[in-house]
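One structure is given here, and the rest of the page talks about it.
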Amino acid sequence: MNVDEKPPLPLDMPAADEAGLPLHARIFYAGVFILVAGLIGAALIYWLTAESAAKKTEIEFANPRAYEFQIERLGGKAAVYVVRFNEWFSGLWQGRQLAFTVAVLALVIALICFWLSKRLAEALPAERDGGDE
């Protein structure tokens with residue numbers, strides 16, 4: 001076997017060129033799969049998560065204003081904003097809020113796949129014909 005020769009493929013495995021679907025179609029179907037799986041997953045998370053689970057994980061203080069004042073004394077206004085952002089961001093991954101996070105992420109990734117698929121579908125015929133004239 002020469003170095004330039006490719007090893008033979010198994011009978012049930014098609015070559016990349018013989019896959020059947022062009023790249024833009026595969027990306028489109030991947031976007032559809034991501035969207036459907038993400039929305040189903042988000043619905044299951046929303047349905048199976050108890051409402052009280054999200055409230056238990058929140059940081060509760062006797063006096064939230066005193067807590068913010070202490071943070072401000074230690075790190076200034078910027079530290080207060082960082083703590084608020086951190087509490088908000090950590091809340092995205094718990095309870096029912098996680099369902100909305102998963103749904104939004106699935107939607108964004110699927111939209112990127114659809115956009116990329118459309119761009120590739122528009123670009124591929126121009127390359128086959130030899131360019132725009």
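Taken together, the values in this text are just the output of simple stated rules run on the coordinates, not laboratory data. These numbers come from a predicted model, not from an experiment. All Cβ positions, even for glycine, are placed from backbone atoms using ideal geometry, and neighbour counts span all protein chains on display.
For this structure, a couple of remarks:
- A simple packing score, the average count of other Cβ atoms within 10 Å per residue, orders the peptides 93-102, 113-122 as 93-102, 113-122, with the highest score first.
- Evaluating 6.51 cos²θ - 1.76 cosθ + 1.60 at θ = phi - 60° for every residue in the stretch 102-110, the Karplus couplings come out as 5, 5, 5, 4, 5, 5, 5, 5, 5 Hz, glycine and proline recorded as x.
- Label-point gap, in nm, between W47 and A79 - each point 7 angstrom along Cα→Cβ: 4.6 nm
- Per-residue Cβ neighbour rank within 10 angstrom, fewest leading, I71, I27: I71, I27
- Between Y67 and F33, the FRET efficiency estimated from the beta carbon spacing at R0 = 25 angstrom works out to 0.05.
- The label point for E87 and the one for I112, both projected 7 Å from the Cα toward the Cβ, are 3.1 nm apart.
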